[in-house]
C-alpha cells in the first residue's frame, strides 16, 4: 500500500477535538490497545502543524497498539525537562519530543540515555552532542529552495523586475534558519530579476508578522514577491496586503507572487482561490511514520542515524489535484468543509 493510501486510511480526524488534551503540562493518559507506551511531549499548540501532528500521532499509535502519555511545556524548558523525568519514572518505552531550544534539550537526552529509553525529536533536531537520539526533520532548505524556484520561474515567464519580502521565523529555531537560507539560495542567483527589499523578523509571532509586513509595504509599496516561512501567518499576510491594495489573484493586475511553507488548511484554500502561487509542504504523515518506525528500530536494538529527513514537496496550481492527498492541510480542510 502506498503512503497516500495509508495516509487516507488514517486521516479521518477532527482537529477541533485536539485541545481536549489540555495545555497544563501534566501527563494525560490516552487509552489505546495494549502494547508499548510512548510519551508525546510538545512545547506548545500554537501552530496548526502541531495541532494536526498530535492527532495524527494519536491515531497512528492506536493503529500500532500503543498507548500515549501527553504533556505540553508551554515553551518552558525547565518544565519540559521535568516532564521528561516524569515519563522516565513512569517507565515509558519511548519519548517523542518537540523542544523549544536545541541546546536546552541535551540534558533530557542524557537522562533518557541513562534510563535506556529511546528519544525521538519531531521536526526539530537537537544541537550536536555525544548524547544519542534520533531526529525527524523536513528538508527545510531544499523544500524552500524548490518553492522559491517555482516563483522565480513564474517571474521569468511574466517578465519585469521584482521587489521581494521574506517573512523570517525565529532564528533560534534551526527550521527558520534553513528556510531563510533556502530562500536566498535561489534569489541570490537572480540579482537582475529580484531585489530583496525587506526581511521581516516574525519570531513565529503573528502580530509581529503583521506589523513587520505592514511597515515593509509602507516603506516599499512596489513589493510584488512575497515568501513566508510558515503558513500560520497567512491571515496576517492577507490582511496586510488588503490594506495595501495588493491582494489579487493569479492573472489579475497587481498580483503579488506569493509562496508559503508548511502546507496547512489555509494554504490549501488560498491555492484553490488563486491567491497563493506555491507552498512547500512538510509531509506530516510521512514524518509521523518515520518517527514511529524509528522507535520500532530502536526497540529492536538497531541504531538509526541521528537525523532522518522528510523530502517534502511543493504544491502549486499545476499539481494541486495530483498531490493534495499528501498535504496534511488538505485533509484538515476536508474535515472543516464537510
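The values are calculated or read from the model by the stated rules, or taken from the named source; none is laboratory data. This structure is a prediction, so every number in the text was calculated from the model and none was measured. In this analysis, Cβ positions are derived from the backbone assuming ideal geometry, glycine residues included, and neighbour counts consider all displayed protein chains.
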Any idea which of (1) in contact (Cβ under 8 Å) with a residue 60 or more places away in the chain; (2) assigned to a helix (DSSP H, G or I); (3) touching a strand residue (DSSP E or B) at 6+ places or on another chain (Cβ under 7 Å) is the one residue 292 doesn't satisfy? (3)
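How many residues does the range 221-243 hold that are over 24 Å from residue 143 (Cα atoms), surrounded by fewer than 18 Cβ atoms within 10 Å (Cβ to Cβ) and either touching a residue at least 24 places away in the same chain (Cβ under 8 Å) or under 23 Å from the mean Cα position of the chain (by Cα) (or both)? Reasoning before the result, please.
Our first condition is that a residue be over 24 Å from residue 143 (Cα atoms); within the range 221-243, this holds for 221-222, 239-243.
Within this subset, residues satisfying the condition of being surrounded by fewer than 18 Cβ atoms within 10 Å (Cβ to Cβ) are 221-222, 239, 242-243.
So of that shortlist, the ones also either touching a residue at least 24 places away in the same chain (Cβ under 8 Å) or under 23 Å from the mean Cα position of the chain (by Cα) (or both) come out as 222, 239, 243.
Count: 3.
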Restricting attention to the range 145-166, and to residues there that are under 25 Å from the mean Cα position of the chain (by Cα) and not in a helix (DSSP H, G or I), which single residue is surrounded by the fewest Cβ atoms within 10 Å (Cβ to Cβ)? 165
So, in the range 67-93, of the ones that are touching a helix residue (DSSP H, G or I) at 6+ places or on another chain (Cβ under 6 Å) and buried (at least 19 other Cβ atoms within 10 Å of the Cβ), which residue ends up farthest from residue 56 (Cα to Cα)? 84
Only residues that are surrounded by fewer than 17 Cβ atoms within 10 Å (Cβ to Cβ) and out of contact with any helix residue (DSSP H, G or I) (no Cβ under 8 Å at 6 or more places or on another chain): list them for the range 125-144, please. 128, 130
Restrict the check to the range 211-219 and report whether at least one residue is assigned by TED's automatic domain parsing to the domain that holds residue 181, over 22 Å from residue 314 (Cβ atoms), buried (at least 16 other Cβ atoms within 10 Å of the Cβ) and under 22 Å from the mean Cα position of the chain (by Cα). yes
Exactly one of 287, 321 is within 25 Å of residue 145 (Cβ to Cβ), more than 21 Å from the chain's Cα centre (by Cα) and not assigned by TED's automatic domain parsing to the domain that holds residue 149, and that residue is 321
Taking the condition part of a helix (DSSP H, G or I), farther than 21 Å from residue 221 by Cα and free of Cβ contacts under 8 Å to residues at least 12 places away in the same chain, does residue 185 pass? no
When you go through (1) within 26 Å of residue 119 (Cβ to Cβ); (2) part of a helix (DSSP H, G or I); (3) without any contact (Cβ under 8 Å) to a residue 40 or more places away in the chain one by one for residue 301, which number turns out not to apply? (2)
Qualifying positions in the range 131-144 - part of a loop (DSSP other than H, G, I, E, B) and within 20 Å of residue 169 (Cα to Cα): 139
